[in-house]
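Please read the structure below before turning to the comments.
Bear in mind that the values in this text are calculations on the coordinates, not laboratory data. Computed from a predicted structure; not experimentally measured. Note that we place each Cβ from the backbone using ideal geometry, even for glycine, and neighbour counts take in every protein chain shown.
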Amino acid sequence: MKKTTRILLTALLLCGAQALYACSSNAITTPPDTSALARWQAGATVSAEAVEAFGGVDKCFAADPIPDGVWARMQGKTYKENPYIGRDDLRHVRALHWDYDGQIHLGEMVCNKLIADRLVRILRQLYDARYPIQRMLLPDVYGADDETQMRANNSSCFCYRAVAGTKVLSKHARGLAVDINTLYNPYYKDRADGTRYVQPATAAQYCDRTGDFPYKIDHHDLCYRLFREAGFEWGGDWRTCKDFQHFELKE
Ligand SMILES: [Zn+2]
């Protein structure tokens, strides 16, 4: 083989190798899609790579003043004009959570600033433990209708409303109570006439806590332990009714 031909062939081979390298390294370095994280699109799922590219898990857990967009979404739904609680009393919490699907979900809650830091800490510990939470959307998505969001197994905190069937303000009305995996951890009260009032109405089978089922909160549950350690009481411990989804700040 002539020397010039050899040089030409070597050059061609090198070019080919470079092209291959460029191709494969391109496939590796294509940046993951972080747009759902940048917009904090609650309800979306993201990959672990996207979370890393966004700045890491730490950046996905925070409590901030209520952003304008969130405040606008709350009006006439979870927020109603009232003399007790205003925008400055509330915080917007961002968190990641796992469900049984093995995917990372984006969640958000609105809570009282008094519990914001510990709520973020609890949600972070639940995430690190891969504790399953199906949905963490603002109740505004469901028109702030509690029955509807519970049927959807939504987890949430602030909603300006009275305790069902009374004029007493709920702890949710001050953003001091958190409901977790609400369909599987219902509220119920046995009436004097022997009938049972259940919320959500579709959760009657989950009032029986003797069996094992997904999302069940009991005294062995991590969620129960973390809220208790942070100064909350559990509605599952109440005597006259049971509210297994409910953790409220002890005052
Ligand atoms: Zn509740």
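When we measure straight from the Cα of residue 216, which lysines land under 21 angstrom away, once same-chain ones fewer than 8 places off are left out?
Cα-Cα hits under 21 Å: 189, 242.
In a Gaussian network model over the chain where Cα atoms closer than 10 Å are linked, find which of 145, 99, 190 has the largest mean-square fluctuation.
Largest GNM mean-square fluctuation: 190.
Show which lysines lie in cross-link reach of residue 113 when reach means a straight Cα distance below 22 angstrom and same-chain residues fewer than eight apart are skipped.
Within the straight-line cut-off, residue 113 pairs with 59, 77, 80, 171, 250.
What residues have an amide H closer than 5 Å to that of residue 62, excluding those fewer than 5 places away on the same chain, when H is modeled at 1.01 Å from N in the peptide plane?
Here 94 satisfy the definition.
Apply the a/c threshold of 1.5 to the C-alpha gyration tensor of segment 54-156 and tell me whether it is rounded, prolate or oblate.
Oblate shape, in that a/c is at least 1.5 and b/c is the bigger or equal ratio.
Of the chain, which part is the longest with no chymotrypsin sites (Phe, Trp or Tyr not before Pro) in a loop (DSSP not H, G, I, E, B) and with at most 11 other C-beta atoms within 10 angstrom?
Counting at most 11 other Cβ atoms within 10 Å as exposed, the longest clean stretch of the chain is 101-251.
With charges set only on the Cβ (+1 for Lys and Arg, -1 for Asp and Glu), what does the dipole of segment 31-249 come to about its Cα centre, in debye to the nearest 20?
That gives a dipole near 540 debye.
Among 205, 134, 149, which one shows the highest mean-square fluctuation when the chain is modelled as a Gaussian network with alpha-carbon springs under 10 Å?
205
Could you tell me which of rounded, prolate or oblate describes segment 31-249, using a ≥ b ≥ c as the square roots of the eigenvalues of the alpha-carbon gyration tensor, with rounded for a/c under 1.5 and, failing that, prolate when a/b is larger than b/c and oblate otherwise?
oblate
Name the most mobile residue of 93, 163, 51, meaning the one with the largest mean-square fluctuation, in a Gaussian network model of the chain with Cα contacts below 10 Å.
With Cα springs under 10 Å in the chain, the top fluctuation among 93, 163, 51 is at 163.
Pick out, from 235, 144, 200, the residue whose Cα sits farthest towards the positive end of the charge dipole of the chain, with +1 on the Cβ of Lys and Arg and -1 on the Cβ of Asp and Glu.
With unit charges placed on the Cβ atoms, the residue in question is 144.
For segment 192-251, run through the trypsin sites (Lys or Arg not before Pro) and keep only the ones in DSSP coil with at most 16 other Cβ atoms within 10 Å of their Cβ.
When the trypsin sites (Lys or Arg not before Pro) of segment 192-251 are filtered for loop state and at most 16 Cβ neighbours within 10 Å, 209, 216, 239, 250 remain.
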